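The values are calculated or read from the model by the stated rules, or taken from the named source; none is laboratory data. Computed from a predicted structure; not experimentally measured. Every residue, glycine as well, gets a Cβ built from its backbone with ideal geometry; the counts of neighbours run over all protein chains shown. For the accessible areas, the whole protein counts, side chains as well, though only heavy atoms, and no ligand, DNA or RNA atoms are used. Shrake-Rupley method; radii C 1.70, N 1.55, O 1.52, S 1.80 Å.
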Amino acid sequence: MNRKNLILFVGIILVITFLTNCNKNELPNDEQEKNLTVTPTSKTITAEAGSFDIIISSNIDWTITSDQDWCTFSANSGSNDATITANYTENTETTQRTATITINGIDVNSVSVSVTQQGREAANNPSFATGVSNPFGIEETGGGITFVDIDNDNDMDAFTIDGYGTEFFENIGNLNNPNFTTSVLTPFGIDETAGSIVFVDIDDDNDLDAFTIDGYGTEFFENIGNLNNPNFTTSVSNPFGIDKTGAGITFVDIDNDNDMDVFTTDGYGTKFIENIGNSKNPNFEIIIATPFGINKAALNITFVDIDDDSDMDAFTIDGYGTMFFENTGNINNPSFTSGVATPFGIDDTAWGIIFVDIDDDNDMDAFTLDGYGTEFFENMNFK
């Protein structure tokens with residue numbers, strides 16, 4: 001091959017190589033190899049609400065979804081490379097929960113991110129401070145005390161009751177800083193003297209009805225107002241089959257069947273009256289003494305999940321002190337241990353006891369009431 005032909009041949013080879021490389025680098029998007037990857041592929045997050053970034057590397061259109069509504073995104077679709085923020089709500093349960101985030105594109109395998117959110121720390125070690133007298137402006141003596149958001153303004157109001165009548169203390173503070181007004185007698189039409197008062201939506205009509213109990217029997221005051229403006233009818237004696245005298249009364253769904261059962265207590269012991277009706281039409285007929293192992297005569301009884309194990313524990317109080325009965329069963333089949341005196345530092349004798357998260361710090365505080373005044377026991381187990 002002469003020099004001229006050799007130069008021509010080499011030139012042709014260079015042109016072919018150049019054109020081949022150009023064609024390879026300038027392929028249209030629909031002829032390029034499609035890719036879709038994501039970082040990270042797994043993420044463990046705390047129980048608190050928050051967010052984290054998902055880095056998507058891609059040369060195609062894609063969508064992003066979650067199989068749980070507590071995990072959402074700053075954008076639900078996009079093209080090519082992007083950084084997406086995943087937002088998650090607080091996990092208020094003590095058990096962890098999981099979500100799967102899936103990124104899909106056309107003609108590529110989907111990729112996923114596995115998210116595990118830890119459960120909140122259980123408030124299972126309650127410890128109560130020494131009692132404080134006449135807390136937050138509740139300067140009152142009486143027999144029974146309870147807290148309820150009676151006017152639907154997102155804070156807890158107080159009611160007391162004794163042989164002189166029913167008193168109402170409106171909370172004009174807020175969830176974190178309660179402040180109670182001077183008491184009002186015979187509030188919202190509840191003109192009653194008794195040993196105990198409790199509020200419950202017994203007929204499932206989205207307002208709170210009232211029950212009282214004393215040595216003469218049980219009284220029911222139906223709320224014919226509404227959540228914001230309560231108005232109670234004249235009382236009805238021995239309602240729904242609750243034909244019982246006593247010192248204390250409380251309602252709790254002790255067997256997890258979606259209706260409210262009744263416990264009463266007095267100097268003769270504790271009684272359980274099962275609701276064999278339903279949430280809209282209660283019917284109480286079965287009376288059981290010493291229910292589920294609670295063998296205690298007392299002036300008042302209340303239930304609260306004090307150890308955060310998803311079942312309701314019992315407290316009683318009288319002139320001899322406070323007793324705690326731990327529920328070692330479960331939400332469907334309760335079983336209570338023998339009573340423990342002076343539980344968690346609540347060293348008080350009184351006529352009434354109630355638990356409420358009065359300072360909105362995710363633990364239950366205690367209030368007691370008797371002829372000497374009101375006592376507040378702050379739960380120091382902040383979670």
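Annotations for the structure displayed:
- Applying the set (1) acidic (Asp, Glu); (2) closer than 26 Å to Gly293 by Cβ; (3) at pLDDT 95 or above to Asp348 leaves exactly one unmet item: (3).
- Residues of the range 93-104 classified as over 16 Å from Thr63 (Cα atoms), β-branched (Val, Ile, Thr) and free of Cβ contacts under 8 Å to residues at least 40 places away in the same chain, total: 2
- Residues satisfying the stated conditions in the range 324-344, i.e. open to solvent by 40 Å² or more (accessible area, probe 1.4 Å) and of a type outside the set (Ser, Thr, Tyr): Glu326, Asn330, Ile331, Asn332, Asn333, Val340, Ala341, Phe344
- Counted residues, the range 132-166 - those being farther than 13 Å from Thr193 by Cα, outside any strand (DSSP E or B) and open to solvent by 10 Å² or more (accessible area, probe 1.4 Å): 12
- Any chance Asp207 is closer than 25 Å to Asp259 by Cβ and of a type in the set (Asp, Glu): yes
- For Ser196: the one exception among (1) over 15 Å from Gly165 (Cα atoms); (2) in contact with a Gly (Cβ under 9 Å, 6 or more places away or on another chain); (3) in contact (Cβ under 8 Å) with a residue 60 or more places away in the chain: (1)
- A single entry from Gly321, Gly277, Gly246 fulfils the requirement of being at pLDDT below 95 and closer than 25 Å to Thr368 by Cα: Gly246.
- Residue count for the range 195-215, restricted to those that are at pLDDT 95 or above, under 14 Å from Asp266 (Cα atoms) and assigned to a loop (DSSP other than H, G, I, E, B): 0.
- Within the range 46-59, considering residues that are among the β-branched types (Val, Ile, Thr), modelled with pLDDT of 95 or more and farther than 10 Å from Ile101 by Cβ, the one nearest to the chain's Cα centre (by Cα): Ile55
- On the stretch given as the range 280-297, residues that are open to solvent by 10 Å² or more (accessible area, probe 1.4 Å) and assigned to a strand (DSSP E or B) total 5.
- Which numbered condition Asp309 misses (of (1) in a strand (DSSP E or B); (2) of a type outside the set (A, V, I, L, M, F, W, C); (3) open to solvent by 10 Å² or more (accessible area, probe 1.4 Å)): (1)
- Sole exception among (1) among the polar types (S, T, N, Q); (2) open to solvent by 40 Å² or more (accessible area, probe 1.4 Å); (3) within 27 Å of the chain's Cα centre (by Cα); (4) closer than 20 Å to Ile354 by Cα for Asn300, by number: (2)
- Of the strands (runs of 3 or more DSSP E) lying entirely inside the range 338-383, those carrying at least 2 residues that are closer than 23 Å to Ser196 by Cβ and of a type in the set (Val, Ile, Thr) are 352-356.
- Residue match in the range 112-134 (condition: in contact (Cβ under 8 Å) with a residue 40 or more places away in the chain and within 30 Å of Asn231 (Cα to Cα)): yes
- Selection over the range 184-234 of residues that are within 19 Å of Asn300 (Cα to Cα), open to solvent by 60 Å² or more (accessible area, probe 1.4 Å) and hydroxyl-bearing (Ser, Thr, Tyr) gives a count of 2.
- Members of the range 247-268 found to be farther than 19 Å from Asp201 by Cα and either hydrophobic (A, V, I, L, M, F, W, C) or open to solvent by less than 10 Å² (accessible area, probe 1.4 Å) (or both), listed by number: Ala247, Thr265
- Filter pass, Asp305 being among the charged types (D, E, K, R), touching a strand residue (DSSP E or B) at 6+ places or on another chain (Cβ under 8 Å) and farther than 26 Å from Thr92 by Cβ: no
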